[in-house]
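The values are calculated or read from the model by the stated rules, or taken from the named source; none is laboratory data. On a predicted model such as this, the values are computed, not experimentally measured, just so you know. Here the Cβ is made from the backbone with ideal geometry for all residues, glycine too, and neighbour counts use every protein chain on show. We work out accessible area using only protein heavy atoms, side chains counted, and drop any ligands, DNA or RNA first. Shrake-Rupley method; radii C 1.70, N 1.55, O 1.52, S 1.80 Å.
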Amino acid sequence: MTKNRRKSLINILGGTIVALLLGAVAIVVGILYILNHYGKDLPDYSQLAQYEPPIVSRIYAGDGSLLSEFAKQKRLYIPISAVPPRLIQAYLSAEDKNFYTHGGLDYLGLMRAVVTNVKNVFTGGGKVGASTITQQVAKNFLLSGIQTYERKIKEAILAYRIEKAFTKDQILELYLNENYLGYGSYGIAAAALSYFNKSIDQLELEEIAYLAALPKAPSNYHPIRKYDRAVARRNWVLKRMYVEGYISEEEKSIAQSKPLVTASRDKTRTFKAEYFAEEVRRELKSMYGNQELYEGGLFVRTSLSPDYQRIAERELKRGLIAYDRRHGWRGPIRHISLEDMPALSQQLEKLGEIVKLDIPLGIKSWQLVLVTAVNDEKAYILLSDGSRGRIDFDELKWARQWKRKEYLGPKITKATEVLFPGDIIAVEEVFKKAPPEDTLQEIDVVRTFGLRQIPEINGSLIAMDPYTGRVLAMVGGYDFKRSEFNRATQAKRQPGSAFKPFVYTVALEHGFTPSSLILDAPFVIEQGYGLGKWKPQNSSNKFYGASTLRLGLEKSRNLMTVRLAQYLKMDGIVEIAERMNIMDNMPPVLSMALGAGETTLLKLTTAYGMIVNGGYKVTPTFIDRIQDRHGKTIFKHDQRQCPDCLVPEWHNQPEPEIPDDRAQVLDPVTAYQMVSMLEGVVQRGTGIRIRALKKPFAGKTGTSNDSFDTWFIGFSPDLVVGVFVGFDKPRSLGKREEGASVAVPIFRDFMRAATKNAPVIPFRIPQGVRLVRVNPKTGQIAAVGEKNTILEAFRQGSFPTKKGEVLDGFNSLVQTKTKLRTGTGGIY
C-alpha cells in the first residue's frame, strides 16, 4: 500500500469516526432535548401513591345478601396481596412477560414490534404494540388515550419515572384495578363478578385466561356476540401461560377444550328490594353527597330481612289484586285490529312488538297474550312464543264491568261479554296437562290460563323491630318499575281511626282507665260564623250510649273519641302527635282526633312500635352500619357504648350490661294498657279477622272520610307492621270498603307467614299493672261465675267502681296514679 493511499484511508477513517462521534453527540443531544422538552410539563406521577379510584358502593341486607350497587364506574379495588398468583401469571403472559425484569420499557419487545410492523406494512397485517404494563399505567392514569408519537414519548418517560418511584407490585396493583374490561366493569374483581358471578379466588383456569384476554379491546371479545373470537383469544392466553411455564400442557389442553360460559347477567346474586334500596340511596345521598355515594366505595349494611321482604311483597300484591278483582274489569291493556293482520305470523309479530315494550305486570308468572277468538264458553289466546292457550269461562266470572265509584256491572254470563279478538291482556297459567295421544292436533289449546289485571289501587307495607326501629321489610308500591314513588315514606295521607289510640293514650295519662265510661251519643259543635255545625258520626250511623274506653277503641267509635278529645282539650293530643313523631304542627281542632291530619306509614308504624316496646322512643332506620373504602366504620345506628363487650377472652366474668339510653315517651303502665286495648281490637273489634291466627296480635284499623285511605297498624310482642292501601290520586275505595276489609287481610297474611315458625310469646307486662277480671261491656268487676269476661289492665291503686260514672252529663270517674277525681264532660 502506498503512503498516499494509507494517508487517504486514515483521513477517511478519521472522518468516519468524527462523523460517528458527531452523530452520537447529536443523538445524545436530541435525546436530552426530547427528554427535556417532553418531560418538563408531564403530570405529577407521585399522585399515584395517593390514588383512590372511583369504586362501587355496595348495599347489603341484614343477612349479607347484596341489595344494590351504586357507581359511575363499576369497580372493586383489590390489593395485590389478595390477587391469586395464577391470575397475575395470566396477565403477565398476555401483556408483559418481562414485567418483573425491565425498567419500564421492554427494549427487546420494542424492537420486535418495530420489525413486525415494518413487515406488516408490506403484507397488509395490522399494527402490534409493545407497551409494558408500566406504560399502560402511565397512559391510563396520567395521559390521554389519543395515539400520537408525542404521547408515546411522554408515556415512555413517565414509565421510567414510575419504575423508580414504585415497586413492581404497586404498579401491577394499579394496573389490575384500573383497566376497563367490558360489561361495565373496571378492574379484575368487578369483571369476575360481571362475567362469571364469582370472586377472583373462585375462578377456574379458563375463566382467568378469558379475563386476561380482555385489556386489549373488551368489545372485540364479547362472550356472546363475538364468541369465536373470544374463545380464540382466551386459548391464545392459555398457550402463552404454557410457553412461560405457568401451566402444564395437560392443564392447557383441558382449559382450551372447555366452552366459554358466562353467568346470566339477570341471575346475579342480588336480592331485589327496589323500594328499600332506593330509600337507602336517598339517605346516603343526603348524608354524604353524590360523589361519595357513587365513587367512594361505601360498604352499607342495612336492616333488611330478605325473608320478611319476600313475604311483604307477596302479600301486599295479593291484597291489592284481591281488592282490584272485587271491583271489576277495566278492559284490556291494548286492542289491535286483527282484520289488518289475518295471518298468524303477523299477529305474532305484533304481539312481540308489544311484549318488547316491557310493560311491567308486577307478577313474574303473568304474561301478555293476544286474544285471537272468543265464544260463549272460552277465549283463545296466542302467546309470545307462538304457542296457544285458552281462558275458560270460570276464569272470567270475576270480570264484571268496572263502573265509577267502584260499582260493578251485571254478572257475566258468557265470555264474549269480557273479551274480544284483538285484545292484549295479562294472563297466568292455571292448568296444564298432556293431550290425549289421538288428539295431538289439540296440543296448542290444552294450556289453560286465567285472566289477570294490573291493579289501579296501590299501597305499602312496613315491618319494623319495635325495640330498635330497624326496618326489616318495606314495600312502597305494587311494582317499582311502574312507579318509583314510595307510599311508605313519601305519601302523606289521613290515618283516620288509626290515630285514635293516641287520643285514648292521652286519656289514660290523664287518669282514665280502660273501663272508664264515655257516652256514645250525638255530638254537635259550632264551627264558626258561616261554617255551619260539625256533626261527626259513627261508621254505623248508630248511637250506643255509655260504653267503656276499651269498647270505644275496639269498635272504633267516632263519637266517643270526639267527646273524649273535647274533654281532654286538643293541646294534649297535639303534644302527643309531636312527641310520638306522627305529625308536626297539627291544628288543634277536634277533627284531628279522628285522624284528619296527614302522616306517612313509616311515622305511624314507628309510633305504634313505641307503644308495644314499653313506651321507649325509637327512630326508624334502614341502615345499621356504614364503612368507608378502607373498612373504617363511619356510621352506626346503635350508638350505645359497651367497653366490657370488647374483652378478648371470657373468664366467667359477669355478662356485660349494655346501657339503654332510649328516652321514655310513654309511661310503661300506660303503654301496656294501650297494648291490651289494641289486643281487644283483634279479639273483638274491627281487626277480628286476625284472631284466626290464634297468636297474640294487636292493632288498629284506619279509614279516612269516604274510604279514601285504609290502614291497619298492628304488632306482635316483637314485630310491628303497618299497611296502607289507597289510590295515588285519592278517591273512594268504594262502598263497604274500609281498613278492616282491605288492609287487615294483608296484615293477617303477612303475620301468618312471618311468625309461622316463631315461638308464641305473650305481650310483656311491666311492673305496676294489676289485671282484674271485668265485664267487657260495663267495665265493672265480674261477678263470680260470670261468663264472657276479660282481664283488664289497671294501674296499681286504681280499680273499677260500681258507681258507673259516665263522661258527659254526669260525673266522670278518672284514674290518676294516686287519686280519683271527677269533672264535667263536653257538649253533646
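List of remarks:
- Candidates in region 173-209 are the residues that are farther than 14 Å from Tyr77 by Cβ and of a type in the set (D, E, K, R); of these, the one that is most open to solvent (accessible area, probe 1.4 Å) is Asp201.
- Test result for Gly631, open to solvent by 20 Å² or more (accessible area, probe 1.4 Å) and of a type in the set (Gly, Ala, Ser): yes
- Residue in region 46-55 that is at pLDDT 90 or above, assigned to a helix (DSSP H, G or I) and of a type in the set (Gly, Ala, Ser) present: no
- Per this entry, Ile359 is counted among residues that are under 34 Å from the mean Cα position of the chain (by Cα) and either farther than 30 Å from Phe712 by Cα or not in a loop (DSSP other than H, G, I, E, B) (or both).
- Cβ-Cβ under 8 Å pairs, at least 6 apart or on other chains, region 454-481 side within 18 Å of Glu278 (Cα to Cα) and part of a loop (DSSP other than H, G, I, E, B), far side open to solvent by less than 20 Å² (accessible area, probe 1.4 Å) and basic (Lys, Arg): Gly476/Arg487; Gly477/Arg487
- Of all residues in region 160-172, those satisfying the criterion of being within 14 Å of Tyr100 (Cβ to Cβ), open to solvent by less than 40 Å² (accessible area, probe 1.4 Å) and of a type outside the set (Lys, Arg) are Glu163, Phe166, Ile171, Leu172.
- Hits in region 706-722 - residues which are touching an Asp or Glu at 6+ places or on another chain (Cβ under 8 Å) and in a helix (DSSP H, G or I): Ser707
- Considering residues of region 272-291 that are in contact with a helix residue (DSSP H, G or I) (Cβ under 8 Å, 6 or more places away or on another chain), in contact (Cβ under 8 Å) with a residue 60 or more places away in the chain and under 22 Å from Pro53 (Cα atoms) only, the residue most open to solvent (accessible area, probe 1.4 Å): Arg281
- So Thr262, is it closer than 30 Å to Leu205 by Cβ, crowded, with 16+ Cβ neighbours inside 10 Å and of a type outside the set (Gly, Ala, Ser): yes
- For region 723-742, the condition of being open to solvent by less than 20 Å² (accessible area, probe 1.4 Å), in contact with a Leu (Cβ under 8 Å, 6 or more places away or on another chain) and in a loop (DSSP other than H, G, I, E, B) holds for at least one residue.
- Here Tyr38 meets each of (1) under 41 Å from the mean Cα position of the chain (by Cα); (2) at pLDDT below 65 with one exception, condition (1).
- Counted residues, region 740-756 - those being under 21 Å from Asn458 (Cβ atoms) and out of contact with any strand residue (DSSP E or B) (no Cβ under 7 Å at 6 or more places or on another chain): 4
- Candidate set: region 450-509, residues that are among the charged types (D, E, K, R) and open to solvent by less than 10 Å² (accessible area, probe 1.4 Å); chosen: the one nearest to Gln309 (Cα to Cα): Arg487
- Selection within region 312-351 - hydrophobic (A, V, I, L, M, F, W, C), open to solvent by 60 Å² or more (accessible area, probe 1.4 Å) and over 28 Å from Lys397 (Cα atoms): Leu344
- Among the candidates Arg388, Arg400, residue that is over 23 Å from Pro455 (Cα atoms), crowded, with 17+ Cβ neighbours inside 10 Å and not hydrophobic (A, V, I, L, M, F, W, C): Arg388
- Sole exception among (1) at pLDDT 95 or above; (2) under 26 Å from Pro536 (Cβ atoms) for Val675, by number: (2)
- Checking the stated criteria, Gln673 turns out to be over 34 Å from the mean Cα position of the chain (by Cα), open to solvent by less than 30 Å² (accessible area, probe 1.4 Å) and not small (Gly, Ala, Ser).
Conditions tested, residue by residue: (1) among the small types (Gly, Ala, Ser); (2) without any contact (Cβ under 8 Å) to a residue 24 or more places away in the chain; (3) in contact with a Leu (Cβ under 7 Å, 6 or more places away or on another chain).
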{"residue": "Ala379", "(1), (2), (3)": "yes, no, yes"}
{"residue": "Lys397", "(1), (2), (3)": "no, yes, no"}
{"residue": "Thr413", "(1), (2), (3)": "no, yes, no"}
{"residue": "Pro421", "(1), (2), (3)": "no, no, yes"}
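- Scan of region 775-808 for residues that are among the aromatic types (Phe, Trp, Tyr) and modelled with pLDDT under 90, ordered by number: Phe799
- Any hit, region 591-607, residues being of a type in the set (A, V, I, L, M), open to solvent by less than 10 Å² (accessible area, probe 1.4 Å) and assigned to a loop (DSSP other than H, G, I, E, B): no
- Residue ID - nearest to Asp423 (Cα to Cα), chosen from residues in region 364-377 that are in contact (Cβ under 8 Å) with a residue 40 or more places away in the chain and over 36 Å from the mean Cα position of the chain (by Cα): Thr372
- Enumeration of residues in region 760-801 that are in a strand (DSSP E or B), open to solvent by 80 Å² or more (accessible area, probe 1.4 Å) and closer than 22 Å to Asp520 by Cα: Ile781
- If the condition is being assigned to a helix (DSSP H, G or I), of a type in the set (D, E, K, R), more than 17 Å from Leu92 (Cα to Cα) and touching a residue at least 12 places away in the same chain (Cβ under 8 Å), then region 198-248 contributes only Asp201.
- Residue that is modelled with the lowest pLDDT, among those in region 384-430 that are of a type in the set (Val, Ile, Thr) and in a strand (DSSP E or B): Val430
- Restricting region 57-80 to residues that are at pLDDT 90 or above and open to solvent by less than 20 Å² (accessible area, probe 1.4 Å), the residue that is nearest to Tyr275 (Cα to Cα): Leu67
- Test result for Leu370, buried (at least 19 other Cβ atoms within 10 Å of the Cβ), modelled with pLDDT of 95 or more and part of a loop (DSSP other than H, G, I, E, B): no
- Pairs where the first residue, in region 756-779, is closer than 30 Å to Ile311 by Cα and the second is of a type in the set (Val, Ile, Thr) and surrounded by 13 or more Cβ atoms within 10 Å (Cβ to Cβ), C-beta under 6 Å, 6+ apart: Phe763/Val675
- Qualifying residue in region 687-705 (condition: hydroxyl-bearing (Ser, Thr, Tyr) and part of a helix (DSSP H, G or I)): no
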